[in-house]
1. Among the candidates B:Arg26, B:Arg21, B:Arg13, B:Arg34, which residue alone is within 15 Å of the chain's Cα centre (by Cα) and of a type in the set (D, E, K, R)?
2. So which pairs qualify, if the first residue must be in the stretch B:241-261 and farther than 29 Å from B:His145 by Cβ, the second must be in a helix (DSSP H, G or I) and aliphatic (A, V, I, L, M), the Cβ gap must be under 9 Å, and the two must be at least 6 apart or on different chains?
3. Which one of these does B:Asp155 not meet: (1) at the interface with chain A (Cβ under 9 Å from one of its Cβ atoms); (2) modelled with pLDDT of 95 or more; (3) part of a helix (DSSP H, G or I)?
4. Evaluate the stretch B:117-125: report whether one residue or more is in contact with a Gly (Cβ under 8 Å, 6 or more places away or on another chain), within 14 Å of chain A (Cβ to nearest Cβ) and not charged (D, E, K, R).
5. Applying the selection to the stretch B:161-202, what residues are part of a loop (DSSP other than H, G, I, E, B) and closer than 15 Å to B:Ala225 by Cα?
6. Of everything in the stretch B:164-183 that's buried (at least 20 other Cβ atoms within 10 Å of the Cβ) and of a type in the set (Ser, Thr, Tyr), which residue is farthest from B:His145 (Cα to Cα)?
7. Which one of the conditions (1) basic (Lys, Arg); (2) closer than 24 Å to B:Ile125 by Cα; (3) within 11 Å of chain A (Cβ to nearest Cβ) does B:Arg176 fail to meet, given that it meets all the rest?
8. Being of a type outside the set (D, E, K, R), in contact with a helix residue (DSSP H, G or I) (Cβ under 9 Å, 6 or more places away or on another chain) and more than 14 Å from every other protein chain (Cβ to nearest Cβ) narrows it down to one residue among B:Leu31, B:Leu55; which is it?
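The values are calculated or read from the model by the stated rules, or taken from the named source; none is laboratory data. Every value quoted in this text rests on a predicted model; they were computed, and no experiment measured them. Here Cβ is always computed from backbone atoms with ideal geometry, including for glycine, and neighbour counts include all displayed protein chains.
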Amino acid sequence: MAVKLIASYSKRLGLPGFSSHQFSVSVETELTGVTDIAGESSRLYEALQSSVDQEIQQTGFVPTEAYGIEGKPSTPVARPNGRGEWKCSPKQKELIRQLIQDHSLDKGQIENLAQERFNLSLPELNKLQASGLIDELFRMTGGAPRQSRNGFPPKPQRVGGRQ
Amino acid sequence: MIALKEQFTPANRITELLEERVSPSRLGCWLQCRLKFFFRYVLGLPQSNSPSLHLGKTVHAVLQLWNLARWKGVPAPLAELEASHDALFLDEGEEAVPWESEEERGTTKVKGRSLLSVYLEETNIPFNEKPLGVEVRMEADLQSHGLPNLGGIVDLVRPGGIIVDYKTAAQTPDPRMALHQHETQLTSYALLYRDATGEKEGGVELHHLVKLKKPKAVITQAPPATEGKINRLFRTMESYVSGVQREDFVPSPGLHCSYCPFFAQCRKWEG
């Protein structure tokens, strides 16, 4: 009777610059009987571990501490380039467009709001600024407010009068 | 065609959890007690309301109004904030607060007002300071690190990228211990801020509103997160993922059990 033995070995190591790397090796073999499962497992474990340990020493590119903070960001932060790219996330961009469309908002008015709050155009808003604008749009349209951490939907009309 | 809703089972929920974004509160719950995490996030048992929780939520909501008013550049006089506090205090949410008496309700309301006015007197935030963000929800894709998305809501981001988190506490916090206890949350916010803006945060601040007989505000400041702290956060997230995969939901008895909403369920748990 042929017995199939599948073994895999994986190792993940932390690296500087908030990164880590991982390498896995898997192997599948057939045994002619069940008597040598333990011996074959042990042999495979040693072979796989040795292989992974040898390869994982090659770290390849390791980011510095400044990587992603100064200069080139680690997470792509889109810069408006005059071709319609937005700095916020695609989800945020879609949500802003959806709110404008669903509530027939004046796009010029929303552009003005972005200028007034952040001194930036809509495509120039980063994720943090876009998040603030989206909450403001929810408040303006009286739509289902997003739950806040305190459990209450924001009720800004109570302070400072209506906007 | 009628869509059939999949029947709830803990196994299904665990599969969902592994695909969902991780928040600092989930990580905090996981670190505090894995069985509490199971009751809260896997079984979805409701958390009971309490006078202390209600006071904290109300004060938090009023501070949000104050921050929003500054963000919009409109005045927020104390009298209006106090009126908002009283109105929000009436809203107990889905689960009523188990007040022991009307007197307790009244004294808690007064305590909330008093905390607010003391905080507004003692805070280091100038009244004309325009925030960069209020109750900002952010999400970072950590797929390149082999981790789930990290998401969170930051109470306040001050100019210069200072991240602020509000807390209400019964005792005066020790600054070193407060930063240690909230490290996962604060480092998560730092990482989210960097992802959202492409810039390093200016630092973090814990603003404690302390519910003493004579209330006071305690502000604890810390510099930007170091590489070591971010590595600690990543290792914590790895531990969370592998622990949930293994269904490693064991109790961690300790001082926190005295205020755990799932104490009764925990005592019945037999492994």
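1. B:Arg26
2. Matching pairs, first to second residue: B:Pro251/B:Leu35.
3. (3) is the only condition that B:Asp155 fails.
4. Looking for residues that are in contact with a Gly (Cβ under 8 Å, 6 or more places away or on another chain), within 14 Å of chain A (Cβ to nearest Cβ) and not charged (D, E, K, R), one finds none in the stretch B:117-125, hence no.
5. Selection gives B:Gly161, B:His182, B:Gly198, B:Glu199, B:Lys200, B:Glu201, B:Gly202.
6. Once the filter is applied, the top-ranked residue is B:Thr168.
7. Unmet for B:Arg176, out of (1) basic (Lys, Arg); (2) closer than 24 Å to B:Ile125 by Cα; (3) within 11 Å of chain A (Cβ to nearest Cβ): (3).
8. When all the criteria are applied, what remains is B:Leu31.
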